[in-house]
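Take a look at the structure below.
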Amino acid sequence: MKRGRSKPSAVEELYEAILCLETKEECSAFFDDLCTVLELQTMSQRLQVAKMLREHHVYSDIVAATSASTATISRVNRSLNGGYDIVFDRLKARNQYRPTVIENTGEEKDSE
């Protein structure tokens, strides 16, 4: 859906449904019902890519840590100044943001 266009009522209803969830367990149950395993993996991958881009990691490290394609990384990079920033800022305010640490093996590891 293009930015600036009005959203269909079904999309608005989806947003309202997500906003009424109160716990991680409720989110997990809802998204497990709503999405396929691949869709959840894709969305979580994009979130990790956005997090790493915001932390100024280079594309090669992001590819190694997330297995995302450079095309996906570029698409996420174009979207960084919007919803991703809101989420990351709120996670930081709640002390729930864990910076990504890349070890020499190229594996991603969230710092504790």
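Here are some notes:
- Complete set of residues in the stretch 44-91 that are free of Cβ contacts under 8 Å to residues at least 12 places away in the same chain, farther than 23 Å from residue 31 by Cβ and part of a helix (DSSP H, G or I): 60, 63, 70, 71, 74, 78, 81
- Among the residues of the stretch 38-54, just one is farther than 15 Å from residue 81 by Cβ, surrounded by 15 or more Cβ atoms within 10 Å (Cβ to Cβ) and more than 8 Å from the chain's Cα centre (by Cα), namely 52.
- Flag for residue 14 being over 17 Å from the mean Cα position of the chain (by Cα) and at pLDDT 95 or above: yes
- Criterion: touching a strand residue (DSSP E or B) at 6+ places or on another chain (Cβ under 7 Å) and not aliphatic (A, V, I, L, M) - qualifying residue of 92, 51: 51
- Test: residue 26 is at pLDDT 95 or above, assigned to a loop (DSSP other than H, G, I, E, B) and farther than 25 Å from residue 78 by Cα: no
The values are calculated or read from the model by the stated rules, or taken from the named source; none is laboratory data. All of these numbers come straight from a predicted model, not from anything done at the bench. A quick note on method: Cβ atoms are made from the backbone with ideal geometry, for glycine too, and the neighbour counts reach across all protein chains shown.
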